[in-house]
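Student: Dropping a structure here in structure tokens format, bear with me for questions.
Bear in mind that the values in this text are calculations on the coordinates, not laboratory data. Computed from a predicted model, the values in this text were never measured in an experiment. Quick reminder, even Gly has a Cβ in these numbers, built from the backbone with ideal geometry, and neighbours come from all protein chains shown.
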Amino acid sequence: MVPPYTYRMPVEVIFGEGCIESLAKHIGRLGGRPFVVAGMNSARALGVIDRITEAFPDAICFEGIDENPGTGICDVGAVLCGEAGCDCVVAIGGGSPMDAAKAIAGLALHAGPCVDFLGRDTFPNGALPILAIPTTAGSGSEVTPYAVLVNDAKHRKATLGSDCLFPRIALLDPALTVPLPRSVTVNTGLDALSQAMEGILSNTANAMADGLAFEAIRILHEALPVVVEQPGDVAARGRVQHAAMLAGCVIAQTGTTLVHGMGYYLTLECGIAHGLANALLLTPLFQHNATVHPGRVARIAEIMGHPCAAKPDSAGRAIAAALHALLHRLEVSPAASSHGVHAAQLPEFARDLASDPYRFRNQPGELDEAGCLALFEQAYEGGIV
């Protein structure tokens, strides 16, 4: 029997090589004076900025959004957007510019600083319509209602979440991902894998999201190594980008689990890219998850080439072996110690994490401070229990 569920996905997804050619037409469906939010270099290098400004000479371009955007930069963007009278927002890049663009789209219709709106359903006036153009394949932000930002005052990741932040249109052209550096391809692909896996184990998992998540895992397991080894393979790039979008559709329904909650420490305190931080935590968290939902973990392991019995020990060993095999093929060390994490940092990470119940809302099983520390330590060592 399929349990009851609710599934909402209002984003119009347009996928295919060359679909960027129709960009101006789709912006015109949303407004006439776009506010363009972009990352450091890729949007301009790919010619996307020029496409927009040629079609919309009054467009305002807000470039240079770095990894892990903070509330302050969103405040700056919102002021510029409002003063220019922009009527839609175009987000170009990876998860960081897309998240900043969502915050700006909401703040443009509200008075007050971004920190006052962190949380869920805090934009009563809605948001400007958003068109999202991912140039990476990982975050899935083009199909989620979330913006993950750094609260500058607290140096802590926080989330804006509202249905009005769903982009109206997502334009996915896999050719835009071809120039990505190897490290970005790997890290963003691992982010997508993490989100799909977390969605299956989330306390809010549902049958519709499960189908998308298992398919995303299957594609990523097959295609991500191909893209890393053959970066010019646009067909494989398309498969990875499609899978990343599916994983975004999953977490739009289920949210993420403690993998993300723990990963934020490795990102903010140790400078590890978000997707890689998640990947380093997948083995310990999913060995833990196998003690609670062995059948679900066993099915993931089977998709990743390691069939096993649906029992805690078997599922835990199999998922760890599957993850380590994938990381090995991607030439990524599974040990956080290899990526700049220091053992002395871990007790404080665990203590702070355990004090925040919100981080545990979707995580199955019981974990206290000691349990969190053990997971951080396992990730640090890169071992299998």
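Student: For the chain, what percent of Cα pairs sit more than 30 Å apart?
Tutor: 35
Student: May I pose another question? Taking 8 Å as the Cα distance limit and 6 or more residues as the minimum spacing, I'd like the relative contact order of the chain as a percentage.
Tutor: Relative contact order of the chain: 14 percent.
Student: Arrange Val89, Val186 by Cβ neighbour counts within 10 Å, fewest through most, would you?
Tutor: Ascending number of Cβ neighbours within 10 Å: Val186, Val89.
Student: Also: Check cross-link reach from Lys154 to the lysines: straight Cα distance under 23 Å, and skip same-chain residues fewer than eight apart.
Tutor: Those lysines meeting the cut-off are Lys102.
Student: Ratio to report: Rg/Rh of region 12-177, with Cα atoms as the point set and Rh obtained by the Kirkwood method; give two decimals.
Tutor: Reported Rg/Rh, Kirkwood definition of Rh: 0.93.
Student: Could I ask something else about it? Just add up the charged neighbours of Asp210: K/R +1, D/E -1, any other residue whose Cβ is under 15 Å from the Cβ of Asp210.
Tutor: Around Asp210, the charge tally is 0.
Student: For region 11-101, rounded, prolate or oblate, judged on the Cα gyration tensor with a ≥ b ≥ c (square roots of eigenvalues), a/c < 1.5 rounded, else prolate if a/b > b/c?
Tutor: Note, shape of region 11-101 comes out oblate.
Student: I would also like to ask the following. Under the Karplus relation 6.51 cos²θ - 1.76 cosθ + 1.60, θ = phi - 60°, what is the ordered set of whole-Hz ³J(HN,Hα) values for region 204-219, x standing for Gly and Pro?
Tutor: 9, 4, 9, 5, 5, 5, 4, x, 5, 5, 5, 5, 4, 4, 4, 5
Student: Express in whole angstrom the spacing between the alpha-carbon centres of region 340-385 and region 170-197.
Tutor: 27
Student: Further, regarding this structure: Angle between the Cα long axis of helix 71-84 and the longest principal axis of the chain, 0 to 90 degrees, nearest 10?
Tutor: For 71-84 against the chain, the angle is about 20 degrees.
Student: I would also like to ask the following. As an exercise, identify the GluC sites (Glu not before Pro) in region 288-361 lying in DSSP coil whose Cβ has no more than 16 other Cβ atoms within 10 Å.
Tutor: Taking region 288-361 and a limit of 16 other Cβ atoms within 10 Å, the loop GluC sites (Glu not before Pro) found are Glu331.
Student: Output the 0 to 90 degree angle, nearest 10, between the alpha-carbon long axis of helix 294-303 and the longest principal axis computed from the alpha carbons of the chain.
Tutor: 70
Student: Just Ala247, Ala279, Ala207 to compare: in a GNM of the chain, with alpha carbon springs under 10 Å, which one fluctuates most?
Tutor: Ala207
Student: Okay, next question. Just how large is the dipole of region 124-214 about the Cα centre, in debye to the nearest 20, putting +1 at every Lys and Arg Cβ and -1 at every Asp and Glu Cβ?
Tutor: 260
Student: Two-decimal Rg/Rh of region 166-209 from alpha-carbon positions, Kirkwood Rh?
Tutor: Rounded to two decimals, Rg over Rh is 1.09.
Student: Which of His342, His293 comes first, and how do the rest follow, when ranked by fewest Cβ neighbours within 10 Å?
Tutor: By the 10 Å Cβ count, ascending, the order reads His342, His293.
Student: Between rounded, prolate and oblate, where does region 231-342 land on the alpha carbon gyration tensor, with a ≥ b ≥ c its root eigenvalues, rounded for a/c under 1.5, else prolate if a/b exceeds b/c?
Tutor: Taking the square roots of the gyration eigenvalues as a ≥ b ≥ c, region 231-342 is rounded.
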